[in-house]
């Protein structure tokens, strides 16, 4: 069999080696456009996992690679005159040129044909002359471009500009991040050693800073001189060097995130950057290429024909690459938005940097560097008002004060509709439901959306707070929680709008009742779906009536003993429908611009705040993203929305997203809505609550310690486990959280079992 590898980078060379080891009789030729010793990168980073895979696949080349590695264990952060170091991270780097030379020599020893200075202009010749064509021709793949409509690549050009440089200042003590503020904006560097006397030095900045310096219009030489001046105190008189002299003008680029829908066509298959890229900030591009090369070669041997091999390779590697691209996306977005974090205290900035990709969690950091993490936790507790001599605890167990309300910890039971009320009156179900979760250790219990009128309910099973009977029933619940627990309780107040008069949640969600429907209203006569009734466009007279209902419910919530209230302005209900342009097409003063669409929600919120005791806090839940692009509310809009609510006295923003339109295209994943809370908190300075697929103590502690939110809301985890907080404390080895006295024997047993399991794990 004849195989052509188009591209003599690490991916193409290593595939040829893998294939030749498996099939010695195959005729394999590698074509490369550059000379053997040409390379336009500096160092590459490989993980221990990748090294193990290389060792299993080809011990000879693996040994040569390992022998040329530079190893380091620390990550250093330079910021505002401070240097913060954490250890236990385990990196290894190698010069790209050294790696290529090792792979070239190994390929020659195996009898692989290497042809250099060969430009690939079209694929037709190779398609016809070779049985299989491996397109490992990099980011600007000729193969991918030639069959663009087949491979269907998604190319996302990111916002930051960067230049890939090297230096004889070795940075051999740590993987180093440097942030420098200049008179033209922030500029930062990623630096790491890759051989005995050289380091990679990547300089990066925002487009605004790039334009201010004029980097796009000056020569490489001038750019490098400016960068040397910016980072002079870290370079120790060493120069910065470029090996991209073949590029005319500026060598600055924006990172293109590439992912192809399809990876093969006829006898052609994509490999490495040609198929998918991963941002340099997590150093995984070469890792992906090498591991994909192993997989592709193995499948070509195992499967009966190359088409089946290609399909299996694509299915197996695409999933892994999507996982890594997700982490890389988190990381690159952190750097794109890094200026929002640069006013954090250095220790919190360092934590945010370390956990930016979500691959490193709170407890993972404890395994890497327990001393540094203990220091960080102690700082967080002190910042939260804990007495210095108290035992160091995880961030989730830090207190928080909102006005005169003191929360014992940062865990919130998120509002979750129960659909068990009768005529809006909460009953024994609600007493047990909320009572159990208060006993379970959460600092704040937020009850389900409690409606301001019978017509404002979502379903016949929804609770209300619009009459004395309901107020009395809620008082029974708040009294129990205050008497038997140290939790606080919040009443979420709202109106269903166009999503009202629907079936119970476990029936057909958001679909009208089969009988006894009531009239629904909305800013505009736009139904929720084609199954739902067309709502009546709400008149200004009815808006005044509903505003008074919100005031009345607020007063009743205080009489019922609630510690806090929340306006539900999210998820497509009435107040949310005013905010979103997807549901509000009014032509009066309550429609049109965002400021106009916010007019009625602000009138409601202001009236509630005025009629709620000054010493008690109030929150607003918003949908920070309609997931509709520019056709709906965007994360940038959420900044304006949050500031407007804050201006009238709202104490904390409960940051959710979506559920405002059936056309939405949300991007799900762990903590998928937390970035919206992060954006609001760190761009406005407002307090926020994070929510959305948060289910582990690690998630909670990472969010809080990185400064992405002040409180963390958990919904479904509290449905399956009312004692989530107490159990989380047990898992973390925390012995400070208070258990109900009748449950102390159960507590002690859980502690003992957990300690025993930890001992066994340490022993193994």
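The values are calculated or read from the model by the stated rules, or taken from the named source; none is laboratory data. If you're wondering where the values come from, they're calculated on a predicted model, not measured in any experiment. When we count neighbours, we look across all protein chains shown, and the Cβ atoms used for this are built from the backbone with ideal geometry, even at glycine.
Here are the numbers for the structure shown:
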| item | result |
| --- | --- |
| Spans of helices (runs of 4 or more DSSP H) in region 324-387 with at least 3 residues in contact with a strand residue (DSSP E or B) (Cβ under 7 Å, 6 or more places away or on another chain) and not assigned by TED's automatic domain parsing to the domain that holds residue 81 | 346-354 |
| Among residues of region 485-509, those that are in contact (Cβ under 8 Å) with a residue 24 or more places away in the chain and surrounded by fewer than 14 Cβ atoms within 10 Å (Cβ to Cβ), counted | 1 |
| Qualifying residue in region 583-592 (condition: under 32 Å from the mean Cα position of the chain (by Cα), under 24 Å from residue 687 (Cβ atoms), surrounded by 24 or more Cβ atoms within 10 Å (Cβ to Cβ) and assigned by TED's automatic domain parsing to the domain that holds residue 534) | no |
| Scope region 553-569; condition out of contact with any strand residue (DSSP E or B) (no Cβ under 8 Å at 6 or more places or on another chain) and either outside the structural domain of residue 473 (by TED's automatic domain parsing) or under 27 Å from residue 512 (Cβ atoms) (or both); matching residues | none |
| Residue in region 30-50 that is assigned to a helix (DSSP H, G or I) and surrounded by fewer than 18 Cβ atoms within 10 Å (Cβ to Cβ) present | yes |
| Residue 60 being in contact (Cβ under 8 Å) with a residue 40 or more places away in the chain, in the same structural domain as residue 192 (by TED's automatic domain parsing), in contact with a helix residue (DSSP H, G or I) (Cβ under 8 Å, 6 or more places away or on another chain) and in a helix (DSSP H, G or I) | yes |
| Residues (out of contact with any helix residue (DSSP H, G or I) (no Cβ under 6 Å at 6 or more places or on another chain) and over 16 Å from residue 189 (Cα atoms)) located in region 328-350 | 329, 330, 343, 344, 345, 346, 348 |
| Per-region count, region 1-52, residues within 12 Å of residue 290 (Cα to Cα) and more than 36 Å from the chain's Cα centre (by Cα) | 2 |
| Flag for residue 244 being closer than 25 Å to residue 335 by Cβ and either modelled with pLDDT of 95 or more or surrounded by 21 or more Cβ atoms within 10 Å (Cβ to Cβ) (or both) | no |
| Complete set of residues in region 477-506 that are in a loop (DSSP other than H, G, I, E, B), out of contact with any helix residue (DSSP H, G or I) (no Cβ under 8 Å at 6 or more places or on another chain) and over 29 Å from residue 601 (Cα atoms) | 486, 506 |
| Matching option when the condition is in the same structural domain as residue 704 (by TED's automatic domain parsing) and under 28 Å from residue 699 (Cβ atoms), among 441, 424, 461 | 441 |
| Residue satisfying all of: in region 510-547; in contact (Cβ under 8 Å) with a residue 40 or more places away in the chain and over 18 Å from residue 576 (Cβ atoms); surrounded by the most Cβ atoms within 10 Å (Cβ to Cβ) among these | 513 |
| Residue in region 657-673 that is in contact (Cβ under 8 Å) with a residue 12 or more places away in the chain, buried (at least 22 other Cβ atoms within 10 Å of the Cβ), assigned by TED's automatic domain parsing to the domain that holds residue 530 and within 11 Å of the chain's Cα centre (by Cα) present | yes |
| Criterion: surrounded by 13 or more Cβ atoms within 10 Å (Cβ to Cβ), touching a strand residue (DSSP E or B) at 6+ places or on another chain (Cβ under 9 Å) and on the phi < 0 side of the Ramachandran plot - qualifying residue of 651, 734 | 651 |
| Residue match in region 119-136 (condition: within 31 Å of the chain's Cα centre (by Cα), in the same structural domain as residue 277 (by TED's automatic domain parsing) and at pLDDT 90 or above) | yes |
| Verdict on residue 101 being part of a helix (DSSP H, G or I) and over 35 Å from the mean Cα position of the chain (by Cα) | yes |
| Scope region 256-280; condition under 27 Å from residue 335 (Cα atoms) and either part of a strand (DSSP E or B) or outside the structural domain of residue 124 (by TED's automatic domain parsing) (or both); matching residues | 256, 257, 258, 259, 260, 276 |
| Among (1) within 30 Å of residue 348 (Cα to Cα); (2) touching a strand residue (DSSP E or B) at 6+ places or on another chain (Cβ under 7 Å), the one test that residue 49 misses | (2) |
| Among residues of region 413-425, those that are within 27 Å of residue 690 (Cβ to Cβ) and in contact with a helix residue (DSSP H, G or I) (Cβ under 9 Å, 6 or more places away or on another chain), counted | 4 |
| Restricting region 101-116 to residues that are in contact with a helix residue (DSSP H, G or I) (Cβ under 7 Å, 6 or more places away or on another chain) and closer than 22 Å to residue 69 by Cβ, the residue that is surrounded by the most Cβ atoms within 10 Å (Cβ to Cβ) | 103 |
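Listed here are the residues, each with its yes/no results for (1) surrounded by fewer than 22 Cβ atoms within 10 Å (Cβ to Cβ); (2) closer than 22 Å to residue 754 by Cβ; (3) out of contact with any helix residue (DSSP H, G or I) (no Cβ under 6 Å at 6 or more places or on another chain).
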position: 683; (1), (2), (3): yes, no, no
position: 693; (1), (2), (3): yes, no, yes
position: 701; (1), (2), (3): no, yes, no
position: 716; (1), (2), (3): yes, no, yes
position: 729; (1), (2), (3): no, yes, yes
